[in-house]
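Structure record follows, encoded as C-alpha cells.
Derivation of every value follows stated rules applied to the coordinates shown; laboratory data play no part. Quantities reported herein were computed from a predicted structural model and do not represent experimental measurements. For neighbour counting, all protein chains shown are included, and Cβ atoms are generated from backbone atoms with ideal geometry for every residue, glycine included.
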Amino acid sequence: MRLRIDLAYDGTDFHGWAVQPGLRTVQGTLEAALATALRVAEAPVVCAGRTDTGVHARGQVVHLDVAEDDLAAAAGRSGDAPPVALVRRLNGILPADVRVRRVAGAAPGFDARFSALWRRYAYRIADRADALDPLTRHQVLAWGRPLDETAMNEAAALLVGRHDFAAFCKAREGATSIRTLEALTWERDATGVLVGTVRADAFCHSMVRALVGCLVAVGEGRRPPSWAGEVLVAAVRDPAVTVVHAHGLTLEEVGYPDDAGLAERAGQTRARREAADVDGAVDG
C-alpha cells in the first residue's frame, strides 16, 4: 500500500533534502527512521519538493510504498491504527529537528511529487529593530536596512505568470527554467516581520531566494520596481541579483487536487516532464 506522510523540519543542520553520501540530509534521516520503525532493510520515499541546504519545511509531503503486513507489524499491540502507531514510533526515533505530523493511507493515484498542483513557500525578513527576535534567528533573515513592501509588491507583480525564469535559476545543463509563478506577495505579520509568499507549480534551484534578492534591492530603493521585469526578460543571470540566505525560507504547503483528480494530475505532470526532457529535465 502507499502511505502519505506529512512532516516538518528545521533545515539548519541538514545538507538539504536529498540523500548525499556522508552528509546529514532530511531524506536520509527520515528513511533510516522508517526502516527502523517498519523493520525493513530500506524505505525509499518520494517528496513533493526538494529543499536546499538550510531551508525549512512545515508542510513537506512524501509518499512511501510499504507492505501492509509490515505496517501492521510495526503497530505491535498498541491498539492504535497502524498509521497512528507509525507516527508515534517515528517521532520517538527521529531527532528533534524532524517531526512527522501525519501518516495516512494514500488515495489511489497519489504521487507526492507528480500529483502536486503547487508548492507554497514563505520568506521572512526582519528589517526593523523591533521585529528582531533572537529566538527566531534560524528562520528569519535579519536585514539592516528598512524595506518598502509597496515597491516590492509592485515589482513582484511583474514576475507573476508563466515565464522563463532563467535569470533567477541556477543553471543546469539541459534543464528547462520555464515555470508558472502563481503568486508573489509581501506583507507584514503581527510582529512586524516582512513575509514574502511565493507559490508556483514548481521551482528550480535557488529560484525563490533569487526572486527575493531581486525584490530586496527594489525594497531598499537601489533599483526601481521596473527592474524586476527587465531582469526577467533578459533571461540570463544578473550579478546584481543577490541570492539571499537559505535560513529565511520555509516550505509551507503543497497543494493537491481532490482524490478523484490525483491520478490524472500525476499523468499530466509526467507527460509534460517527459516532453521537456527533449530540451532538459524539469526539476521538481
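Tabulated values for the structure
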{"read-out": "Whole-number percent relative contact order across the chain, with pairs defined as alpha carbons under 8 Å at least 6 apart", "value": "24"}
{"read-out": "Relative pair counts by distance (%), Cα atoms of the chain, 5 Å bins", "value": "1, 6, 11, 15, 16, 16, 13, 10, 6, 3, 2, 1, 0"}
{"read-out": "Acute angle (nearest 10 degrees) that the helix 26-38 long axis makes with the longest principal axis of the chain, alpha-carbon atoms", "value": "10"}
{"read-out": "Formal net charge of residues neighbouring CYS214 (Cβ-Cβ distance under 13 Å; K, R +1; D, E -1)", "value": "0"}
{"read-out": "In sequence order, calculated HN-Hα J values of the stretch 143-153 (Karplus, 6.51, -1.76, 1.60; Hz; x Gly/Pro)", "value": "10, x, 10, x, 10, 9, 5, 5, 5, 5, 5"}
{"read-out": "CD proxy at 222 nm, helix term only [per DSSP H run n ≥ 4: -39500 (n - 2.57); per residue of the chain; nearest 500]", "value": "-8500 deg cm²/dmol"}
{"read-out": "Cα-based shape type of the stretch 149-284, given that a ≥ b ≥ c are square roots of the gyration tensor eigenvalues and the cut on a/c is 1.5", "value": "oblate"}
{"read-out": "At R0 = 25 Å, FRET efficiency that the Cβ-Cβ distance of ALA171 and THR242 yields, to 0.05", "value": "0.90"}
{"read-out": "Estimated distance in nm for a label pair at ALA104 and THR197, the labels positioned 7 Å out from Cα along Cα-to-Cβ", "value": "2.2"}
{"read-out": "PHE203 long-range amide H proximity, modeled H, under 5 Å", "value": "none"}
{"read-out": "From phi via Karplus (6.51, -1.76, 1.60), per-residue ³J(HN,Hα) for the stretch 2-11 in Hz, x at Gly/Pro", "value": "9, 9, 9, 10, 9, 9, 10, 7, 8, x"}
{"read-out": "Principal-axis tilt of helix 82-93 within the chain, Cα atoms, nearest 10 degrees", "value": "70"}
{"read-out": "Charge context of VAL87, other residues only, Cβ under 15 angstrom, K/R +1, D/E -1", "value": "+4"}
{"read-out": "Spin-label model distance (nm) - VAL46 vs LEU117, 7 Å beyond Cα toward Cβ", "value": "2.0"}
{"read-out": "Cysteines without a disulfide-compatible partner [the chain; Cβ-Cβ under 4.7 Å]", "value": "CYS47, CYS214"}
{"read-out": "5 angstrom amide H check on ALA142, placed H, neighbours 5+ away", "value": "ALA126"}
{"read-out": "Taking the stretch 118-253 and dividing mean pair separation by its residue count, relative contact order in percent (alpha carbons under 8 Å, at least six apart)", "value": "38"}
{"read-out": "Length gained when the stretch GLU230-LEU23 is fully extended (0.36 nm per residue, less Cα-Cα span)", "value": "70.6 nm"}
{"read-out": "Environment charge at GLY76 (Cβ cut-off 11 Å; Lys +1, Arg +1, Asp -1, Glu -1)", "value": "+3"}
{"read-out": "Fewest-first ranking of MET1, MET152, using other Cβ atoms within 10 Å as the exposure measure", "value": "MET1, MET152"}
{"read-out": "Most fluctuating residue given options THR29, THR269, THR191, as computed from a GNM of the chain linking Cα atoms under 10 Å", "value": "THR191"}
{"read-out": "Residue-wise HN-Hα coupling along the stretch 39-49, computed from phi with Karplus coefficients 6.51, -1.76, 1.60 (Hz; x: Gly, Pro)", "value": "6, 10, 5, 8, 9, x, 10, 10, 9, 6, x"}
{"read-out": "Order of TRP143, TRP186 - criterion: other Cβ atoms within 10 Å of each residue's Cβ, fewest first", "value": "TRP143, TRP186"}
